[in-house]
Each structure stands twice: as structure tokens, then as C-alpha cells.
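Before any comments, here is the structure.
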Amino acid sequence: MYRSFAEKLAEPDLIDLGNGIHVLRFEVMKVTSVRAAVRDLLDREVVRPGQTVVDSSSGIYGHALALVCREFGLKCHIFASVAVDAAIRTQLKYLGATYTQVPSSGDDGLQHDQETRVRLVHTYLEENPDAYWMQQYHDDVHYIGYESVANTLVKELGSTGVTLVGGVGTGASTSAMSRYLRASGNDVRVAGIQPFGSRSFGSEAIPLDGFIIAGIGSGIRFANIDYTAYDDIHWINFDVSAAGCRHLLSTTGVFAGLSAGAGWQVARHIRRQEPDGGPVVFLAADPGHRYVDRVFPPDGPLVQDPEYRPRTISELSRMTGPWSTMHWARRPYDVQDDLPVVPVVPSSPRNAA
């Protein structure tokens, strides 16, 4: 028996979709990282019951933090992007969290939105010095929740030949999973997914074509990404991801969001390239409800989705839409700080900055 709803949500379902492809389906993926992070911070007395924790979110992190704070007796304030819809705002309200929704910049700018939200966090901390910043973009305390998920993969699929596919985001999913899988002796191959317009892997010069996919990309430097974790990177636009969502639903029954649609596209590409290869596992961070109007229009025609294929590149300057891929080869990378630097406040011994 689960002791709380958050505890249940922290455990994903591993589903065999056939042809050697599996999905790790989460209801709210960030609960996995947030619940373990908050418990660790409480255990080390970095935060205490009744204290306010604060962070920035484009959706599921804010929901996860509010849910976990409700469980452990903490207060919560979220600086929410324009992508946070009425369903999430309603849950924040009833979970007892407060939020400030940052108005649109007018150009759906990933860069501007994340930078603005983090600056507002700093202002909030100045005005509320007892509040604690969770630093989802910077602190790899968010890694520890994925250790049990990695252990499940090893138990179910063995310790050799696994390829993990998923959004890079803050790094606290694919970077974390690679750390724990490799520590267990599994030299897992990791394929990270980025939207165009993200700073993390050098696509910021290409305009972001769909704000709603921004949760897997970065508008500022994220300190908890382990760039050396990734064997391959795939830059994928909205149309490719949306087509993947529709194909995933119609062929497997899995109803999931844009990052899962992108993961399904990458997983199928890997299987086409290596039909006899080992298991391919992609992450589905959330269900598809937030994306119905743009991805699954209920009154739209059922059309054959185009068969997209990636363009393989050897250098970032050759990147182009709708889908480019590059053998990253676990190399380091430095994000160019041409924007004003948002200071990072070290918050725990696990901080990766």
C-alpha cells in the first residue's frame, strides 16, 4: 500500500511496446525527483516543516513540488511560465500552493521566460529571506530520485545493451539515469532530446517553434546537466514531436505529451538503424491532456502522419530543422553566457555548479 498519492506518482510504469522498444511512463515525472529531493533536504535539516520553498516551472515541476510540499508539510510558491494551464493552476490552488504567472514576452521566447522567472525567484528570496530555493535548474539533489528507476530498468531488462532516450531538460532525468545505470555496471547509451532554441546544446540561434515543448530545453545555463552523459543528441521540432504523439497513441494506446512523442520518434529511428540491437527505453514525462488542442485536435481529421527522418550532422553549425542528430560522444560543453548571468546560490553538497 502506498502511503501517499505522491509516493504512487513517483513510480513509473515500464511498458513493452514491442520490437524491443519500451516506455517508462510517468504520470507526473518530476514527482520522482522532487519527492526524493525534498525528503533528502528535510533529513539533512536544510529545510524544515512549515518553511516556504520556491522555484520556477513551466508546468509539471510546479505541480510536483506543490504535491510533495502538501505531503511533507511545507509551503510552496511557484513562478509559472505562460505554459502553465488552467488544469495545473487549479491543482496548485487546491494543494495550497501560491503562484505568480509570468506574462508572455510576446514572442514565446524560451530564453526570456526562464531568465525572467529565475530573476523573480531572486527578488522573492530578497523579500522572503526564510524561503528556500529548490534550484531545479542547478542542484543535482534532484538526481537521487532516479536511482530506484534505474534499478528497476536493470532488474527488468538486464545490465547490458540498453539505450535510454529522453529529454535533457534540467538534466535531472536522463543525466541522472545515466549516472545510476553506469554505476551499476550498465554502460547504457543515452540519446538526449532538445527543442530548437535551447541553449544547452547550442541550438539557441534557431527559433523555437513551439513554446509548449520548452520544458525539455533551456533558456539559461542549467548547472545540473552532465554533458558527458550523452552519446547522441537529437534536436526535434514541434511538428516531428506532435506527429510522434499521434503515432504513439494510434499504434500503442499510450497517450503522452510532446517529449514522449519526440522520444518515440527517436526510439523508432534507433530501432530502424539497429534492428537487432538491445532494448530501447524512452521516457514519457506526462500524459497528453495538456496538448489536446495543439497536438490531438478532437475535431481534426485523422491523417497519415509523415515519416520523418533525422539529418545527421557532425558540427553544430550544420544544424537545421525539422530534425537533426549528432553523435555527441560524451563530450563536455560550455553554454555561452551572452545574456546577463543569473547568479546561482549553492544550496547543498550535491550542487553541480
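Sort Val335, Val84, Val165 so the one with the fewest other Cβ atoms within 10 Å of its own Cβ comes first.
Val335, Val84, Val165
Excluding same-chain neighbours fewer than eight residues apart, the aspartates and glutamates reachable from Lys30 by a Cα-Cα span under 19 Å are Glu7, Glu11, Asp13, Asp40, Asp55, Glu71, Asp85, Asp139, Asp140, Glu147, Asp226, Asp286. Every pair of different Cα atoms in region 259-314 enters the Kirkwood calculation, which places the hydrodynamic radius at 13.6 Å.
How much FRET efficiency would the formula 1/(1 + (r/R0)^6) give for Thr98 and Asp187, where r is the Cβ-Cβ distance and R0 is 41 Å, rounded to 0.05?
Result of the calculation: an efficiency of 0.35.
Cβ crowding within 10 Å, taken as a proxy for footprinting-reagent exposure, orders Thr52, Thr90, Thr325 from fewest neighbours to most as Thr90, Thr52, Thr325.
In this Cβ point-charge picture (+1 for Lys and Arg, -1 for Asp and Glu), the chain has a dipole of about 460 debye about its Cα centre. Think of region 14-135 as having a plus end and a minus end, set by charges on the Cβ of Lys, Arg, Asp and Glu; of Met29, Thr123, Ala80, Met29 sits farthest toward the positive end of this dipole. If R0 is 35 Å, the Cβ-Cβ spacing of Thr251 and Gln336 corresponds to a FRET efficiency of close to 0.30.
The fewest-to-most ranking of Thr100, Thr123 by surrounding Cβ atoms within 10 Å reads Thr123, Thr100. 3J(HN,Hα) along region 242-248, derived from phi through the Karplus expression 6.51 cos²θ - 1.76 cosθ + 1.60 where θ = phi - 60°, amounts to 5, 4, x, 4, 5, 5, 4 Hz, with x in place of Gly and Pro. What would the Debye equation give as log₁₀ I(q)/I(0) for region 228-346 at q = 0.09, 0.13, 0.14, 0.15 Å⁻¹, counting only Cα atoms as equal point scatterers? Listed by q, the Debye log ratios stand at -0.32, -0.63, -0.72, -0.80. For region 31-140, the direction-averaged projected area of the alpha-carbon convex hull comes to 6.5 nm².
For region 139-238, the alpha-carbon coordinates run over 41, 26, 22 Å along the three principal axes, in decreasing order. Evaluated with a Cβ-only charge set (Lys, Arg +1; Asp, Glu -1), region 31-140 carries a dipole of roughly 440 debye about its Cα centre, given to the nearest 20.
Normalized C-alpha radius of gyration of the chain, against 2.2 N^0.38 Å?
0.93
Translational diffusion of region 123-174 was estimated from the Stokes-Einstein equation, with Rh taken as the Kirkwood radius over Cα pairs; at 20 °C and 1.002 mPa s the coefficient is 157 µm²/s. Considering only Ala262, Ser56, Asn151, and ranking their Cα positions along the charge dipole of the chain that arises from unit charges at the beta-carbon of Lys, Arg, Asp and Glu, the one farthest toward the positive end is Asn151.
Taking amide hydrogens as placed 1.01 Å from N in the peptide plane, the amide H of Tyr132 sits under 5 Å from those of Thr52, Val53, Val54, each at least 5 positions away in sequence or on another chain.
Once R0 is set to 41 Å, what does the formula 1/(1 + (r/R0)^6) return for the Cβ-Cβ distance between Met1 and Asp85, expressed as a FRET efficiency to the nearest 0.05?
0.80
No lab work stands behind these numbers, since they all come straight from the coordinates. Just so it is clear, the model here is predicted, and its values are computed rather than measured. Cβ coordinates were reconstructed from backbone atoms using ideal geometry, including for glycine residues, and neighbour counts include every protein chain displayed.
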